[in-house]
Every structure is written in C-alpha cells, then in structure tokens.
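Shown next, in structure tokens, is the structure this report addresses.
Read the figures in this text as sums done on the coordinates, not as results from a lab. Every value quoted in this text rests on a predicted model; they were computed, and no experiment measured them. So basically every Cβ, Gly included, is an ideal-geometry build from the backbone, and we count neighbours across all protein chains shown.
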Amino acid sequence: MGKITTSLLVFIGLLVLGCAPKEEASLVPVKAEPAKTVKAEAKTTKSPEIDKETGLVIAEGFEVVKGNCTVACHSATLVTQNRGNEKYWKDAIVYMQKNQGLWDLGADEPRIINYLATHYGQSPVYRRSPLKVKWQE
C-alpha cells in the first residue's frame with residue numbers, strides 16, 4: 001500500500017471513531033453555563049424480555065413466529081435485522097411462499113404479521129448517516 005493510501009485509511013478510521021483532529025482548536029476558555037433543571041419523567045415502559053435462544057422479543061405471537069420462522073426455516077437474525085410495517089412483512093411472507101417453499105400459514109399469518117410489525121416495525125433510521133469527509137487535493 002502506498003504512503004498516501006495508508007495515511008488516508010488512518011484518517012478515515014480516526015474520523016469514524018471521532019478522533020480526527022479538529023480544523024480549528026479554540027484555546028479560549030469557555031465559561032460553563034449553569035446546569036438546567038430538568039424535571040425527570042417517570043418511565044412507564046420497560047425493555048421487552050428477549051428470548052436467549054433466538055434474540056426475539058418475547059410477547060404475544062412470539063411462539064408462533066419462533067415455530068414457523070426460526071425453528072423451521074431460517075435464523076432469527078433474518079427477522080431482527082429487518083424492519084417494516086404490516087405490508088412489508090406480508091410481502092415478505094408472500095415472497096417466501098412463492099420462491100422459497102413457505103407453506104400456507106393459515107390462521108397464524110395475521111398473528112405473525114402483527115408480532116413482526118409491532119416488534120420489528122418501521123424505523124425512521126435504518127443506518128447511520130453518511131460520513132461527511134472533506135477531501136484534500
């Protein structure tokens with residue numbers, strides 16, 4: 001690897017880790033503002049219980065999803081790495097039925113879709129924001 005390529009990789013690595021040097025370092029002391037009092041809000045929701053075997057949320061419909069999806073076909077990672085609304089999960093089921101031999105889920109299908117959309121529903125952010133790299137020429 002050339003010297004420039006290695007230096008660029010080190011810089012990008014530092015940038016990703018948040019350790020890149022700042023363009024302008026201020027040596028002027030900054031006066032700290034007094035801490036604002038924030039009224040603590042009581043949390044009424046607690047973290048859901050997670051199944052140690054699959055990593056799936058234990059809630060209504062969990063057993064049906066575990067039995068039809070992770071025990072019979074694929075790992076739970078395929079579920080946990082995806083996010084979608086009811087249409088997304090319905091389309092995924094239809095795709096698996098047409099292309100991968102998934103059987104008719106019958107009366108379990110609405111329960112599976114509801115579980116997946118509730119616990120693995122749409123998320124406003126799928127990935128981190130793109131890095132903003134200032135290239136030097």
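Sorting LEU78, LEU102 from the fewest to the most surrounding beta carbons within 10 angstrom yields LEU78, LEU102.
Ordering LEU131, LEU116, LEU56 from the fewest to the most neighbouring beta carbons within 10 Å gives LEU131, LEU56, LEU116. Note on VAL71 and TYR95: the model spin-label points, each 7 Å out from Cα along the C-beta direction, lie 2.6 nm apart. In the stretch 62-119 the Cα-Cα distances spread across 5 Å bins starting at 0 as 4, 20, 33, 34, 10, 0 percent of all pairs. Spin-label pair ILE58-ASP104: with each label point 7 Å from Cα along the Cα-Cβ axis, the two points sit 3.4 nm from one another.
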